[in-house]
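**Student:** Take this structure, written in structure tokens, and hold onto it; I'll ask about it next.
Computed from the coordinates by the stated procedures, all read-outs in this text should not be read as laboratory data. These figures come from a predicted structure and were not determined experimentally. Cβ sites come from the backbone with ideal geometry, for glycine too, and all protein chains shown count toward neighbours.
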Amino acid sequence: MVLTAIFVMIAEILIFVPSVARYREEFLNLKLERSQIASLALLVSEDISAELSEELLMNAGVFNVVLRRDEARQLMLSAPMPAPISQTFDLRDPPATMLIKDALSRLIDPEPEVIRVIGQPGQMGGLLIEITLETTELRDAMLDYGVRILILSAVISIVTAGLLFIAVRALLVKPIKHVVGTMAAYADAPEDARYLISPSAGVTELREAEEALLSMQTQLTGALRQRERLAQLGSAVAKVSHDLRNILTSAQLFTDRIEMSEDPQVKRMAPKLVNSITRAVHLCESTLAFGKAEEPAPNLGMINLDDLIQDVIEAERLAVGDADISFSADVPVAMVVRADAEQLYRVISNLARNARQAIIATGQPGEISIAAYGQPDMDIVTITDTGPGLPPKAQEYLFQPFQGGTTKGGTGLGLSIARELLRGHGGELTLRTTGAEGTQFLIELPKTPAAT
Ligand SMILES: Nc1ncnc2c1ncn2[C@@H]1O[C@H](COP(=O)(O)OP(=O)(O)OP(=O)(O)O)[C@@H](O)[C@H]1O
Ligand SMILES: [Mg+2]
């Protein structure tokens, strides 16, 4: 708006300079014309009274008039002058630049002067007319005219600027704000198709920009959806691999026994089976190098805890091999807990497996005991071992995926998956104690569903 006002003012000044020069010229020509009319009285009677002559001059607003009708110079009317003539202006065919220069210097110079103006008399009134006048009236009229032009240009520039402002707002600013707003909303939720821009601008260039943005958003949203799906797939694969690896490791132990079979056919097949399983375990392990998993919501039911723990211990006993590890369970026979049987099995089995691996690594005999008891609002399960305690790295990154693992062939996912599964139950997994004399993990399971 300010810029428009400035530009209109500049344009107005460019118009003002020639028009004020023209105004001065017209003013002086009018004076010449009036003086000519005043002098016409002399044509009627040669000698008029001094009073009449003075009145005629006053009406015309000049000091004297000289009208030359032919070669002889004729003085027509005259009155005393307050000062000598300081400048003479010839209005017969003056160049435009001179008119502008004279007009501007008249505006600038505030001192009143007496000037002589020469012009062509109108209506075949003679050869030449010459008048003498004071500049005060001329200058005042010019200033007055200038002020009027100034006010007019101010009004014009405000109106123009206002109209331009409204037009720019409606045609450019509003659509641009709309684009910016949609972009911000889109950036907050790029996967939400509702925030894709719908091109609506009337200005061609802006509409093209909107269309380009729309196609970019469509591509980006598609790419994001695909990325999300791939991430979910990656998570699922990681989880499957983790537990598949554990299952296959147990299977590996069975094949060790199959190898001892007396049946020659079985003996021949066994190494192949072992190799296949080993390859499968490796495959799972390398898959696990990718991504962390989010578990599905648990399918809660009332399950017998004693049965579940006996299953875990049985599987672990098989895995112990030659090492000297004893297992004990201290679980009330009729104890039931609210849990997803499959997930709780994975939790306890992961903890028991960690304990078993830690004890085996020491080469010493050891003991793993799983105990359970009920509290008013929580069911508690503890997994205790007499192993070497958690290594510092495992304690530092406890429950962080991929970070705390120190066992060979392990991924460092077991504890973080176990905790995640328990939190899905509204429960918690904590490390209660760890040290040279052993480690104890504690499982808490809420007795009542969250809704009550
Ligand atoms: N009972 C324990 N005694 C000693 N160290 C333990 C015990 N439980 C866990 N740890 C240590 O904590 C680390 C992290 O355990 P976690 O189960 O998360 O991963 P992992 O056993 O290495 O691999 P994964 O279970 O994924 O195969 C283990 O590498 C081990 O060093
Ligand atoms: Mg583990």
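**Student:** Considering Cα pairs under 8 angstrom that are at least six residues apart, work out the relative contact order of region 216-294 and quote it in whole percent.
**Tutor:** Computed value for region 216-294: 48 percent relative contact order.
**Student:** What Rg and what Dmax come out for region 2-159 when only alpha-carbon atoms are used, in angstroms?
**Tutor:** 18.5, 65
**Student:** Between A280 and D188, what is the label-to-label distance in nm when each label sits 7 Å out along the Cα-to-Cβ direction?
**Tutor:** 5.0
**Student:** Now for a separate question. Just round it to a whole percent: the fraction of Cα-Cα distances in region 78-224 exceeding 20 Å.
**Tutor:** Every Cα pair in region 78-224 considered, those over 20 Å come to 70 percent.
**Student:** Next up: By how many nm would the segment from L171 to A50 grow when fully extended, if each residue of separation counts as 0.36 nm and the alpha-carbon distance is taken off?
**Tutor:** 36.3 nm
**Student:** Note down the relative contact order for region 2-159 as a percent, whole number, built from C-alpha pairs under 8 angstrom at least six residues apart.
**Tutor:** Computed over region 2-159, the figure is 30 percent.
**Student:** So for each of 364-374, 155-165 I average, over its residues, the number of other beta carbons within 10 Å; can you give me the resulting order with the highest mean first?
**Tutor:** Result, highest mean first: 364-374, 155-165.
**Student:** Can you give the charge dipole size of region 1-49 about its Cα centre, rounded to the nearest 20 debye, using +1 on the beta carbon of Lys and Arg and -1 on the beta carbon of Asp and Glu?
**Tutor:** For this selection, approximately 220 debye.
**Student:** Still on this structure, I have one more. Using Cα atoms only, what is the angle between the long axis of helix 50-60 and the major principal axis of the chain, expressed in degrees (0 to 90) to the nearest 10?
**Tutor:** 20
**Student:** For Cα pairs less than 8 Å apart in space and 6+ apart in sequence, what is the mean separation divided by the residue count of the chain, i.e. the relative contact order in percent?
**Tutor:** Relative contact order here is 10 percent.
**Student:** Using just the C-alpha positions of the chain as equal point scatterers, what log10 of I(q)/I(0) does the Debye formula give at each q in 0.07, 0.08, 0.12, 0.13 1/Å?
**Tutor:** One equal scatterer on each Cα of the chain leads to -0.63, -0.72, -1.03, -1.13.
**Student:** Region 315-388: Rg/Rh from Cα coordinates, Kirkwood Rh?
**Tutor:** 1.01
**Student:** Angle check, please: helix 174-188 long axis (alpha carbons) against the longest principal axis of the chain (alpha carbons), in degrees 0 to 90, nearest 10.
**Tutor:** Approximately 10 degrees, to the nearest ten.
**Student:** With labels modelled as points extended 7 Å from the Cα through the Cβ direction, what inter-label distance (nm, one decimal) is found for E228 paired with E396?
**Tutor:** My value for the distance between the label points is 3.7 nm.
**Student:** Right, next: Mind putting together the pair-distance distribution for region 268-374? All Cα pairs, 10 Å bins, whole percent per bin, short to long.
**Tutor:** Distribution as computed: 12, 31, 35, 20, 2, 0 percent.
**Student:** Something else now. Give, in whole angstrom and from largest to smallest, the semi-axes √(5λ) of the equivalent ellipsoid of region 6-84, with λ running over the eigenvalues of the Cα gyration tensor.
**Tutor:** Output for region 6-84: semi-axes of 37, 13, 11 Å.
**Student:** Also: Estimate the FRET efficiency between A371 and A236 by the formula 1/(1 + (r/R0)^6), using the beta-carbon distance for r and 35 Å for R0, to the nearest 0.05.
**Tutor:** According to the calculation, E is roughly 0.55.
**Student:** Can I ask one more? For region 216-294, what class follows from the C-alpha gyration tensor (a ≥ b ≥ c being the square roots of its eigenvalues): rounded when a/c is under 1.5, otherwise prolate if a/b is larger than b/c, else oblate?
**Tutor:** It is prolate, given that a/c is not under 1.5 and a/b is the larger ratio.
**Student:** Follow-up. So if I place +1 on the C-beta of Lys and Arg and -1 on the C-beta of Asp and Glu, and nothing else carries charge, what would the dipole magnitude of the chain be about its Cα centre? I want it in debye, nearest 20.
**Tutor:** 1260
**Student:** Shifting gears a bit: Roughly what angle does helix 96-108 make with the longest principal axis of the chain, taking Cα atoms, 0 to 90 degrees, to the nearest 10?
**Tutor:** That helix lies at roughly 80 degrees to the long axis.
**Student:** Once you have the Cα-Cα distance between I6 and T407, take 0.36 nm times their residue separation minus that, and quote the gain in nm to one decimal.
**Tutor:** Contour length minus Cα-Cα distance gives 136.5 nm.
**Student:** Okay, next question. P(r) for region 298-452: what percent of alpha-carbon pairs falls in each 10 Å bin, starting at zero?
**Tutor:** With a bin width of 10 Å, the distribution comes to 11, 43, 35, 10, 1.
**Student:** If you don't mind, there's one more thing I want to ask. Quick one: what are the phi-derived ³J(HN,Hα) couplings along region 413-427, Karplus 6.51/-1.76/1.60 with θ = phi - 60°, whole Hz, x for glycine and proline?
**Tutor:** 9, x, 5, 5, 5, 4, 5, 4, 4, 5, 5, x, 8, x, x
**Student:** With θ taken as phi - 60° and the coefficients 6.51, -1.76 and 1.60, list the Karplus ³J(HN,Hα) couplings across region 111-122 in order, rounded to whole Hz; mark glycine and proline as x.
**Tutor:** 5, x, 9, 9, 10, 10, 10, 10, x, 8, x, x
**Student:** Would you please name the GluC sites (Glu not before Pro) within region 47-153 that are DSSP coil residues with at most 12 other C-beta atoms within 10 Å of their C-beta?
**Tutor:** E71
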